[in-house]
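The values are calculated or read from the model by the stated rules, or taken from the named source; none is laboratory data. Everything numeric in this text was worked out from a predicted model, so none of it was measured. Here the Cβ is made from the backbone with ideal geometry for all residues, glycine too, and neighbour counts use every protein chain on show.
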């Protein structure tokens, strides 16, 4: 879904922390943020930055830089971020840049004292290279104590304790176990708190007070059962939902089978979206269709991540779960395309294969990175259900359809999820899992955008097969969306029955 860039008005799909900012403007700010306050406008700040104007974005760097900062763009080191609640207030440079002057003046002193100062423990020194008055005092105390054989000072001991606590917090976030912390210290690494991805569907009966979360999980469970029935009906897959993971080997999907199955999959995603929206009263059919159209591919892709985690949990694996009992090997694109050989003929097939792989292989590589991120996190069924519903609520906010209600429902869902997770994890793990869920949400969105672009470019790159089913993105027509809303919307059914 393209939107105008908030700075220059160019149509773009690029999203920078929920803001539509084109790649040209983000790169401009990365290159010019150091000139803030040093540039002046010859038109007293009245330049028109919109693309195509007489004085467009390329004319005045001062006005364009001001527009970027007014939007909230900031640099932290080499990372571009957007202000949240006014933070960060200003750009934060790399430590080497901020110390460019102080390092030169202190080089002589450091050279004279390098034979005096003796570093005995690397872990007791600060990890940040920023210079502060407290750091200078620690250097002076280390110099004094290094000349004698006395024990470390009280300040060094307290600093070592603080450094050890910081290392623990970092280890929790980075999913690592610090070797210098003994197991007797009562600290467990983050990975020990992960549990089976399939658990959760049958656990919600223990939480009758979490009504919103329980309803969302039930919607996702029905979605899982429906797609399993479709896989059995269309591909004759003989796989049961239990045990987890299935014991029967899965089937490889091929290019002629994919559009048939995926079209049914996105229809099931539309049904799930309608059921997710049951808590949003007052939505019209047109509004539900407007929410449904850009979200159904996200739900379908998210469910593929769910199947991948439960069937192929090994990190680095190339197999992606497509539907229950069906997979696609992302390292075997030639095998996926092999069923086109008798349809197109040798020459046309070779031409189609060589052209299409230039677009499909980069998408597959990105999908493998996202799959590994999900495998590293391993969300349970409850967390997958919440991720699917969060996509619907955030889409309501983006298209501004009852966005206040969507925000409240999303907050309520997150609050109930935190209650559920707090019953299983310590507080620091709950916060890490909630944070990682939000990052996975945007990873799915970016993959879906590349998925749509890939099919659009295939039609340009291989125009002779533009009308073929295997080269078009599986979609649901608006008439079918309207029918699905009418068939599966509970309050509309009640209205029809009361009218009769």
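When region 8-33 is limited to residues that are more than 24 Å from the chain's Cα centre (by Cα) and either in contact (Cβ under 8 Å) with a residue 24 or more places away in the chain or closer than 19 Å to residue 399 by Cβ (or both), the one that is surrounded by the most Cβ atoms within 10 Å (Cβ to Cβ) turns out to be 8.
A single member of 286, 281 is over 19 Å from residue 217 (Cα atoms) and in a loop (DSSP other than H, G, I, E, B), and it is 281. Going by what's in this entry, would residue 5 be described as modelled with pLDDT of 85 or more, over 26 Å from the mean Cα position of the chain (by Cα) and either assigned by TED's automatic domain parsing to the domain that holds residue 448 or under 20 Å from residue 83 (Cβ atoms) (or both)? Here the answer is no, as residue 5 does not meet what is asked. Does residue 394 satisfy the criteria of being within 30 Å of residue 276 (Cα to Cα) and outside any helix (DSSP H, G or I)? Answer is no for this residue. Taking the criterion of being in contact (Cβ under 8 Å) with a residue 60 or more places away in the chain and closer than 12 Å to residue 438 by Cα, the residues of region 384-397 that qualify are 384, 386, 387, 388, 391. For the residues 20, 29, the requirement of being closer than 19 Å to residue 84 by Cβ, in contact with a helix residue (DSSP H, G or I) (Cβ under 6 Å, 6 or more places away or on another chain) and assigned by TED's automatic domain parsing to the domain that holds residue 72 singles out 29.
Being out of contact with any helix residue (DSSP H, G or I) (no Cβ under 9 Å at 6 or more places or on another chain) and surrounded by fewer than 19 Cβ atoms within 10 Å (Cβ to Cβ) is a property that does not hold for residue 423.
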